[in-house]
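First the structure, in the form of structure tokens, and then the observations on it.
The values are calculated or read from the model by the stated rules, or taken from the named source; none is laboratory data. Since the model is a prediction, treat every value here as computed from it, not as a measurement. Please note: Cβ atoms are built from the backbone with ideal geometry, for glycine as well, and neighbour counts cover all protein chains shown.
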Amino acid sequence: MLKLKETITDELNKLFELETEDSSTIEAVFYRGNTLCVSSQIGCPVRCSFCASGMYGLIRNLKFEEIINEYEVLPYKENITNITFAGIGEPLLNWDNVERAFWYFKEKGLKVSFYTTGFPTRNFEKMLNLPHNGITLSLHAVFEEKRKKLIPHSETIEKILSIFEKHIKPLSKRKKKLYSIAYLLISGENDTKEELDKLAEIAKRLEVSISLLKYNEIEGINYKTTTDEEYETAFLYLKSKGIKITLSNKYRTRKIGGCGTLMVNRIKKLI
Ligand code: SF4
């Protein structure tokens with residue numbers, strides 16, 4: 001069972017620190033006035049080199065009861081209509097518990113969506129076949145070497161994309177809208193013209209939109225966010241290629257609860 005330990009609020013997001021019985025804390029975020037972003041693991045074994053959640057690797061998987069507790073222990077839930085698995089952890093690496101939690105939330109009438117790196121692919125296929133409300137594939141790099149640097153524990157890009165493509169291609173135009181690719185733009189890392197060209201080619205091949213995310217800088221991690229000008233230039237360049245593209249919304253570029261900023265044991269680290 002989880003205990004709500006602390007709530008940190010800014011003018012847009014509410015970050016909940018939740019303590020497990022074995023004294024770790026994980027985090028969930030309420031944003032956009034209706035969505036709760038939940039964690040699936042304590043730490044993350046994928047260890048993306050840009051992310052605070054995976055900085056220290058995996059402590060353990062969250063149990064089913066703990067995942068649903070991230071929602072259940074909140075004192076006010078009436079505004080929550082959507083759950084997104086986009087917090088700490090890779091949902092596919094704790095699949096049995098995440099899938100059970102998915103059905104639990106669905107039965108409560110909540111809409112459930114996922115962010116995933118697509119690995120392990122056997123679970124990615126299972127996730128795609130759920131009656132979900134959205135799956136975003138966190139790609140972040142279009143060439144193998146770079147993706148290995150940014151996302152060290154994954155499958156090849158081509159294997160993940162071919163599974164995604166096989167699932168999406170036969171769907172109606174309306175259903176295709178449930179799928180997208182996230183690309184976290186990091187200054188000087190994955191923002192060359194060649195990389196953006198390849199990204200546009202992938203989006204066209206899969207017939208999905210791109211969610212172009214702005215990097216939130218994290219203490220202790222040596223990547224730089226793009227300037228507003230660089231970010232806009234990349235956006236306009238991709239747009240000129242005729243693909244559908246969205247930008248990071250204001251909720252996801254915050255120090256409190258922004259993408260990649262959630263942490264295990266935040267309070268202990270501050271003490
Ligand atoms: S971005 Fe997601 S998959 Fe990567 S380390 Fe962070 S929590 Fe894990």
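Here Met1 meets the list (1) in contact with a helix residue (DSSP H, G or I) (Cβ under 9 Å, 6 or more places away or on another chain); (2) away from the ligand (no atom under 12 Å from the Cβ); (3) at pLDDT below 95; (4) under 29 Å from Tyr215 (Cα atoms) almost entirely, failing just condition (4). If you go through the stretch 31-47 and keep only what is part of a strand (DSSP E or B) and either of a type in the set (D, E, K, R) or crowded, with 24+ Cβ neighbours inside 10 Å (or both), you end up with Leu36, Cys37, Val38, Gln41. Somewhere in the stretch 61-78, is a residue in a strand (DSSP E or B), at pLDDT 95 or above and within 14 Å of the ligand (Cβ to nearest atom)? Among the residues of the stretch 61-78, at least one is in a strand (DSSP E or B), at pLDDT 95 or above and within 14 Å of the ligand (Cβ to nearest atom), which makes the answer yes. Checked against the criterion of being in a helix (DSSP H, G or I) and either within 16 Å of the ligand (Cβ to nearest atom) or surrounded by fewer than 17 Cβ atoms within 10 Å (Cβ to Cβ) (or both), the candidates Leu93, Leu130 yield just one match: Leu93. The single condition among (1) assigned to a helix (DSSP H, G or I); (2) more than 20 Å from Ile88 (Cβ to Cβ) that Arg100 does not satisfy is (2).
Is the stretch 162-171 home to any residue that is more than 23 Å from Leu247 (Cα to Cα), touching a Ser or Thr at 6+ places or on another chain (Cβ under 9 Å) and modelled with pLDDT of 95 or more? Yes, the stretch 162-171 contains at least one residue that is more than 23 Å from Leu247 (Cα to Cα), touching a Ser or Thr at 6+ places or on another chain (Cβ under 9 Å) and modelled with pLDDT of 95 or more.
Within the option set Lys149, Lys126, being modelled with pLDDT of 95 or more and over 17 Å from Phe102 (Cα atoms) holds for one residue only, Lys149.
Screening the candidates Phe102, Phe124, Phe119, Phe50 for the property of being buried (at least 17 other Cβ atoms within 10 Å of the Cβ) and either more than 30 Å from Glu194 (Cβ to Cβ) or out of contact with any Leu (no Cβ under 8 Å at 6 or more places or on another chain) (or both) yields one hit, Phe102. Note on the stretch 47-60: among residues that are more than 6 Å from the ligand (Cβ to nearest atom) and either of a type in the set (A, V, I, L, M, F, W, C) or under 12 Å from the mean Cα position of the chain (by Cα) (or both), the one that is farthest from Glu17 (Cα to Cα) is Phe50. Scanning the stretch 19-46 for residues being over 13 Å from the mean Cα position of the chain (by Cα) and away from the ligand (no atom under 16 Å from the Cβ) gives a total of 11.
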